[in-house]
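Values quoted throughout were computed directly from the atomic coordinates according to the rules given, and no laboratory measurement underlies them. Please read these numbers as outputs of a predicted model, since none were measured by experiment. No Cβ is skipped: glycine too gets one built from the backbone with ideal geometry, and neighbour counts run over all protein chains shown.
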Amino acid sequence: MSCLKKAKIKVYTREAQEGYSSSLGNSVHLAYWDEGWGYRNLYHNYGILFAEAEISGTNEIIEKGLINPRICYDANRGYCITALRANADGTVDESCSGKVLLWTTEDFTFFHAHGLVEEVHTWTDSSEEVEVPEPVGFQALMYWALVRNTAVEVPEFVQASSQEDMEKVRALAMYSDGSVAFKSVDWDCNSVD
């Protein structure tokens, strides 16, 4: 018996509204679900995966979007996200009949875009959400959340003989997405001889 809580990742698109065009809405959005909190939109409810535009023979950009995103787990590829390619107005792009846009991922933080591919029968059985191990889903939630500073480490003891020596000392800032960065320190040297 597994002691892991149930979790899910959901894929969806958004309706256009003021400040959020159909170009943005016709992209893959992700939400994380767990038993304790229900659904939480990832990346502030902003699109994460987008259809690639085409270039016309006259060197014009032809905007593309996507509709009807679906997700499933494939033992050979990991999590597969598929969608129908759409025109800028949201209608199905008939030029790619029988094909779907495909992205694969193991962790919902890094995605491999495969472009338009022939639709595989197992993908047609996919749905708008898939169960995931809670650590995988929670990692995606943290990765796509607003990044915030979680800790700062500075040396406990600094030996310096000048202001320039103090300016060389850096603090290590840690962030909620797991990233780190060395930062300059604004030292208060008024009480230092």
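Observations on the model:
- Convex hull volume per residue for the chain, taking Cα atoms only, in Å³: 228
- Per-residue ellipticity at 222 nm, computed for the chain from helices alone with -39500 (n - 2.57) per DSSP H run of at least four residues, works out to -3000 deg cm²/dmol.
- Residue-count net charge about A160 - beta-carbon cut-off 11 Å; Lys, Arg +1, Asp, Glu -1: -2
- Charge sum, other residues only, whose C-beta stays under 14 Å from I55's C-beta, Lys/Arg counted +1 and Asp/Glu -1: -3
- By average C-beta atoms within 10 angstrom, highest first, the peptides 79-85, 156-162: 79-85, 156-162
- Potential lengthening between T91 and E153 on full extension [0.36 nm per residue; Cα-Cα distance subtracted]: 17.1 nm
- Cross-link pairs exceeding 31 Å in C-alpha to C-alpha distance, out of K8/K99; K5/K183; K5/K64, comprise K5/K183; K5/K64.
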